[in-house]
Amino acid sequence: MCERGQLCYYIGMEKNYIATLREKFGHAPLLSVGCGCLIINEKGQILLEKRKDNGLYCLPGGAIELGESVEEGLRREIKEETGIILPDVHFLMAFSGEKEKLIYPNGDIVYYVDFIYYAKVDNKTSPTIGDGESTLVAFFDKEKLPPKESFLRGNYEPIEKYFSGNLEPEVL
């Protein structure tokens, strides 16, 4: 984030890191660090968002900005997208490689290194659509999750891992 110091000034950035790179490199493939959070309430429901750009379901999250730690970016993204201020978070898994390639509807290509966390919230937690990137943000019962094929790549696996009871961190 630019207010953190001279780094943004040095590379000519005034705001969003990825947007600045896109201005310079167009739709060319970029490498980006992303984060997401499997948020579970006391009823065992999972928070999902439905993306506006492609209509797929995903865990709330997004790209880490320049100078942010993964956890700082995670907390910022969750607050921006859902209005939720995360309690304690726990690392669950990381994904990288060709399977993390995402081609956006506008033609932008990004290879993500994604860090997925999980957090538990109380039943009073009420998400809201915060940043205009989603058409829906809601808690779902395990038995009423959207079909697996309606999820963005890499977003169903953390749900399966969590419900398997295997909370050991994993890097794929």
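With a Cα-only, solvent-free Debye model of segment 39-88, what are the log10 I(q)/I(0) values at q = 0.17 Å⁻¹?
-0.57
For the chain, restrict the atom set to alpha-carbon positions and state the Rg and Dmax in Å.
Just the Cα atoms of the chain yield Rg and Dmax of 16.0, 50 Å.
Using a 1.4 Å probe, what is the accessible area per residue for the chain, in Å²?
Roughly 54 Å² per residue, with all protein chains present.
At q = 0.10, 0.25 Å⁻¹, what log₁₀ I(q)/I(0) does segment 21-120 have when each alpha carbon counts as one equal point scatterer in the Debye sum?
Log10 of I(q)/I(0), two decimals: -0.28, -1.47.
Using just the Cα positions, wrap segment 72-172 in a convex hull and report its mean projected area in square nanometres, one decimal place.
7.4
Pop a pseudo-label 7 angstrom from the Cα along the beta-carbon direction at both THR128 and LYS99 and give the gap in nm to one decimal.
A separation of 3.7 nm, rounded to one decimal place.
Taking 37 °C and 0.692 mPa s as the conditions, I'd like the Stokes-Einstein D for segment 78-127 in µm²/s, using the Kirkwood hydrodynamic radius from alpha carbon pairs.
Approximately 248 µm²/s, per Stokes-Einstein.
Of all the accessible heavy-atom surface of the chain, with the other protein chains kept in place and a 1.4 Å probe, what percent is carbon and sulfur?
Result for the chain: 53 percent of the exposed heavy-atom area is carbon or sulfur.
What accessible surface, in Å², does a 1.4 Å probe find on LEU172, ignoring ligands, DNA and RNA and rounding to the nearest 10?
Per-residue accessible area (LEU172): approximately 80 Å².
The values are calculated or read from the model by the stated rules, or taken from the named source; none is laboratory data. Worth saying up front: this structure is predicted, and the values here are computed from it rather than measured. Here Cβ is always computed from backbone atoms with ideal geometry, including for glycine, and neighbour counts include all displayed protein chains. Surface accessibility is based on the protein's heavy atoms, side chains included, excluding ligands, DNA and RNA. Shrake-Rupley method; radii C 1.70, N 1.55, O 1.52, S 1.80 Å.
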